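Engineer: I'd like to ask you about the structure that follows.
The values are calculated or read from the model by the stated rules, or taken from the named source; none is laboratory data. Here the structure is a predicted model, which is why all the values come from computation and not from measurement. Every residue, glycine among them, receives a Cβ derived from its backbone with ideal geometry; neighbour counts consider all protein chains shown.
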Amino acid sequence: MFQQKFPRLVIAGLKGGAGKTVAALGLVRAWQKEGLKVVPFKKGPDYIDAGWLSQAAKSPCYNLDPFLMSGEIIRKSFVFRAKKADISVIEGNRGLFDGVDESGSSSTAELAKLIDAPVILVLDCSKTTRTAAVPVLGCQRLDPELRIEGVILNHIGGLRHETIVRRSVEKYTGIPVLGALPRMKDDPIPMRHLGVTPWEEHPEAAKALDKLGLIVQKSLDTHALAKIANQSKKWKLSHIDGLELFPGAEKFPSSYRPLIGVLRDGAFQFYYPENLEALEKAGAKLIFLDSLESAGLPKLDALYIGGGFPETQAARLSANDDMKKDLYHAIYRGLPVYAECGGLMYLGRQLVWQGKIYPMAGAIGWDFVVGEKPVGHGYSALEVISQNPFYSIGTIIRGHEFHYSRPVLVDKGNSGKLSCSVVRGYGFDGKHEGIVFKNVFGTYTHIHALEHPEWATRLVKIAIEYRASFTTGQK
């Protein structure tokens with residue numbers, strides 16, 4: 001066993017909207033501009049913040065989620081990525097101690113302790129001065145084992161405001177204040193109907209990140225923050241280091257690498273880097289396609305359609321008739337398709353949003369109606385109760401869902417079968433989930449490949465079998 005240092009910081013807040021995303025993005029961008037190799041992580045299942053962090057660092061962002069992953073998987077994933085970095089920044093989610101229960105399990109605090117990382121607390125100082133010290137003091141006392149080693153003040157109105165808050169926090173908690181972010185008139189990363197606007201849909205994403213980087217360089221003590229990160233305890237490495245991150249990536253006895261298409265564009269953006277990597281490790285060759293611009297589907301052995309915002313791109317999706325027709329016919333020929341959330345919606349007959357109707361691929365007999373309030377939001381768990389190409393009966397699929405759409409059955413003959421019961425979450429109707437139709441599996445639940453290593457190997461196996469069926473004359 002030997003020890004290795006992985007400089008690291010967790011950027012946390014007391015609540016959602018406290019400013020941790022702004023602080024994390026600005027800090028990552030500032031260090032990236034200084035020439036550091038920054039590897040970012042996002043606590044929780046979030047895709048959008050992770051996407052912004054990847055752009056800020058110019059390096060993939062990886063999710064660490066104590067609900068979706070075991071402690072060993074989290075530690076292994078962190079080490080596997082962080083060993084390539086000069087410094088790692090982990091952005092928390094919601095409040096520091098917020099988890100799935102009153103004990104705070106799966107919280108940012110628990111993650112910080114799991115990877116033994118110092119915490120920098122972003123404090124929303126709107127309409128408060130001396131009282132700002134109270135929640136910081138409370139965080140110290142709620143969990144003395146947690147190492148809160150710095151505070152960043154946010155929404156500061158001026159020098160007098162900053163001075164009183166800074167002195168109060170440092171006097172009563174002993175934790176250094178490492179800078180103050182000003183109250184901004186314009187949000188460089190605006191919100192939208194489902195939260196933060198994805199970077200892919202922001203017209204000037206790079207400029208917004210550069211602006212945040214400059215604000216952080218001016219407002220925060222980045223050298224002190226780097227020093228705290230570098231003083232992180234060394235990691236004792238034994239069986240965790242050196243192991244393959246995808247130990248279940250079985251190589252099938254085939255000289256053929258199946259071609260798996262991935263729709264990745266303005267409509268479908270939500271893919272964990274590990275999911276794509278898992279498919280490649282299992283033997284797949286990936287080809288990225290644009291559902292908005294591509295002139296139809298090429299010859300594929302399988303297709304993976306992730307989540308996203310098909311409703312905001314509904315007119316363009318609907319207008320690309322070649323892609324829709326090719327997808328429809330490919331599904332009826334038996335093409336294996338794994339579709340998550342937005343991808344599931346694209347397979348339906350129609351997408352209804354803001355009073356308008358947009359024809360989609362029409363492969364399954366469902367319409368998807370997008371409302372103004374969440375239908376399913378949070379961690380989910382499904383139990384597979386009937387046969388399907390992708391999961392064995394009895395499998396528990398753990399993931400998360402976040403959808404404003406509800407499915408409406410319009411063609412029972414082509415509706416497929418709902419193959420899962422809902423253990424946690426909402427799914428289709430609070431009881432059932434997981435459409436199986438031909439070789440399609442469509443679900444609102446997003447899964448993470450590190451927790452479900454069988455997912456990638458099964459998809460690759462099905463793709464190989466699909467290709468082989470042509471050579472034997474079965475198709």
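Engineer: N439 is checked against (1) crowded, with 21+ Cβ neighbours inside 10 Å; (2) free of Cβ contacts under 8 Å to residues at least 24 places away in the same chain and fails just one. What number does that condition carry?
Structural biologist: So N439 meets the others, but not (2).
Engineer: Restricting the first residue to segment 210-225 and requiring it to be within 22 Å of R147 (Cβ to Cβ), which pairs with a second residue that is outside any helix (DSSP H, G or I) and among the β-branched types (V, I, T) meet a Cβ separation below 7 Å and a spacing of at least six or different chains?
Structural biologist: Hits for this filter: L220/I152; L225/I120.
Engineer: Might you check whether a residue that is modelled with pLDDT under 95 and surrounded by 22 or more Cβ atoms within 10 Å (Cβ to Cβ) occurs anywhere in segment 369-377?
Structural biologist: Checked segment 369-377: at least one residue is modelled with pLDDT under 95 and surrounded by 22 or more Cβ atoms within 10 Å (Cβ to Cβ).
Engineer: With respect to the numbered conditions (1) buried (at least 24 other Cβ atoms within 10 Å of the Cβ); (2) under 13 Å from I87 (Cβ atoms), which one is the sole condition not fulfilled by Q32?
Structural biologist: Unmet condition: (1).
Engineer: Ok, one more. Is it the case that R75 is under 13 Å from P273 (Cα atoms) and outside any strand (DSSP E or B)?
Structural biologist: No, not satisfied.
Engineer: State all residues of segment 413-432 that are without any contact (Cβ under 8 Å) to a residue 40 or more places away in the chain, exposed (fewer than 15 other Cβ atoms within 10 Å of the Cβ) and outside any loop (DSSP other than H, G, I, E, B); if no residue qualifies, say none. Write out each step before concluding.
Structural biologist: The first filter runs over segment 413-432 and keeps only residues without any contact (Cβ under 8 Å) to a residue 40 or more places away in the chain, leaving 417-421, 428-432.
Subset that is exposed (fewer than 15 other Cβ atoms within 10 Å of the Cβ): 417, 429-431.
Residue satisfying the conditions is K417 alone.
Engineer: Within segment 152-180, take every residue that is in a helix (DSSP H, G or I) and touching a Ser or Thr at 6+ places or on another chain (Cβ under 6 Å) and give me the one that is surrounded by the most Cβ atoms within 10 Å (Cβ to Cβ).
Structural biologist: First, the residues of segment 152-180 that are in a helix (DSSP H, G or I): 159-173.
Still in the running and touching a Ser or Thr at 6+ places or on another chain (Cβ under 6 Å): 164-165.
Details: I164: 15, V165: 24.
It comes out as V165.
Engineer: Are any residues in segment 268-294 under 21 Å from G399 (Cβ atoms) and either of a type in the set (S, T, N, Q) or in contact with a Pro (Cβ under 8 Å, 6 or more places away or on another chain) (or both), and if so, which ones?
Structural biologist: F268, Q269, P273, N275, A278, A284
Engineer: Additional query: Counting only residues that are within 23 Å of A456 (Cβ to Cβ) and assigned by TED's automatic domain parsing to the domain that holds V423, give me the strands (runs of 3 or more DSSP E) lying completely in segment 330-412 with at least 1 of them.
Structural biologist: The strands (runs of 3 or more DSSP E) meeting that bar are 337-340, 376-384, 396-403.
Engineer: Okay, moving on. Of the residues in segment 1-58, how many are more than 20 Å from the chain's Cα centre (by Cα), part of a loop (DSSP other than H, G, I, E, B) and not aliphatic (A, V, I, L, M)?
Structural biologist: Adding up the residues that qualify gives 6.
Engineer: Please state which of the following conditions H452 fails to meet, knowing it meets all the rest: (1) buried (at least 24 other Cβ atoms within 10 Å of the Cβ); (2) closer than 15 Å to I396 by Cβ.
Structural biologist: Answer for H452: the failing condition is (1).
Engineer: Can you tell me how many residues within segment 117-143 are assigned to a loop (DSSP other than H, G, I, E, B), without any contact (Cβ under 8 Å) to a residue 40 or more places away in the chain and either among the β-branched types (V, I, T) or more than 26 Å from L159 (Cα to Cα) (or both)?
Structural biologist: Adding up the residues that qualify gives 2.
Engineer: Here is a check on your reading of the model: is F67 touching a Phe, Trp or Tyr at 6+ places or on another chain (Cβ under 8 Å), more than 21 Å from Q269 (Cβ to Cβ) and either not acidic (D, E) or not assigned by TED's automatic domain parsing to the domain that holds L220 (or both)?
Structural biologist: For F67, the condition - touching a Phe, Trp or Tyr at 6+ places or on another chain (Cβ under 8 Å), more than 21 Å from Q269 (Cβ to Cβ) and either not acidic (D, E) or not assigned by TED's automatic domain parsing to the domain that holds L220 (or both) - is met.
Engineer: Now for a separate question. Mind checking which residues of segment 127-144 are surrounded by 14 or more Cβ atoms within 10 Å (Cβ to Cβ) and either outside the structural domain of A226 (by TED's automatic domain parsing) or not hydrophobic (A, V, I, L, M, F, W, C) (or both)?
Structural biologist: Result: T128, T129, P135, Q140, D143.
Engineer: Identify the residue in segment 294-312 that is farther than 16 Å from Y332 by Cβ and surrounded by fewer than 22 Cβ atoms within 10 Å (Cβ to Cβ) and, among all such residues, is nearest to the chain's Cα centre (by Cα).
Structural biologist: My answer is T312.
Engineer: Here's another thing I want to ask about it. Please give the number of the condition S291 fails out of (1) surrounded by fewer than 24 Cβ atoms within 10 Å (Cβ to Cβ); (2) assigned to a loop (DSSP other than H, G, I, E, B).
Structural biologist: Single failed check for S291: (1).
Engineer: Under 7 Å between Cβ atoms, which residue pairs at least 6 apart in sequence (or on different chains) link something in segment 312-334 that is on the phi < 0 side of the Ramachandran plot with a partner that is basic (K, R)?
Structural biologist: I331/K438; Y332/K438; R333/K475
Engineer: Sticking with this structure for a sec: For segment 322-361, what are the residues that are out of contact with any strand residue (DSSP E or B) (no Cβ under 7 Å at 6 or more places or on another chain) and hydroxyl-bearing (S, T, Y)?
Structural biologist: The answer is Y328, Y332.
Engineer: Something else: Just a yes or no: is a residue in segment 259-275 in contact with a Ser or Thr (Cβ under 6 Å, 6 or more places away or on another chain) and surrounded by fewer than 22 Cβ atoms within 10 Å (Cβ to Cβ)?
Structural biologist: Looking through segment 259-275, at least one residue is in contact with a Ser or Thr (Cβ under 6 Å, 6 or more places away or on another chain) and surrounded by fewer than 22 Cβ atoms within 10 Å (Cβ to Cβ).
Engineer: Let me ask another. When you go through (1) at pLDDT 95 or above; (2) hydroxyl-bearing (S, T, Y); (3) closer than 27 Å to E340 by Cβ one by one for S77, which number turns out not to apply?
Structural biologist: Unmet for S77, out of (1) at pLDDT 95 or above; (2) hydroxyl-bearing (S, T, Y); (3) closer than 27 Å to E340 by Cβ: (1).
Engineer: Moving on to the next point. Of the conditions (1) at pLDDT 95 or above; (2) surrounded by 22 or more Cβ atoms within 10 Å (Cβ to Cβ), Y332 fails just one. Which one is it?
Structural biologist: Going through (1) at pLDDT 95 or above; (2) surrounded by 22 or more Cβ atoms within 10 Å (Cβ to Cβ) one by one, Y332 breaks only (2).
Engineer: Let me ask another. Can you tell me which residue is farthest from Q387 (Cα to Cα) among those in segment 417-475 that are in contact with a Cys (Cβ under 9 Å, 6 or more places away or on another chain) and of a type in the set (S, T, N, Q)?
Structural biologist: T445
Engineer: Any idea which of L114, L142, L123, L96 is more than 25 Å from W31 (Cβ to Cβ), of a type outside the set (S, T, N, Q) and more than 18 Å from the chain's Cα centre (by Cα)?
Structural biologist: L142 is the lone residue from the list that is more than 25 Å from W31 (Cβ to Cβ), of a type outside the set (S, T, N, Q) and more than 18 Å from the chain's Cα centre (by Cα).
Engineer: Just give me the residues in segment 422-475 being closer than 15 Å to P407 by Cα and charged (D, E, K, R), in sequence order.
Structural biologist: The answer is D429, K431, E433.
Engineer: Just for segment 99-110: of the residues that are closer than 13 Å to L14 by Cα and in contact (Cβ under 8 Å) with a residue 60 or more places away in the chain, which one is surrounded by the fewest Cβ atoms within 10 Å (Cβ to Cβ)?
Structural biologist: Ranking the qualifying residues of segment 99-110, first place goes to A109.
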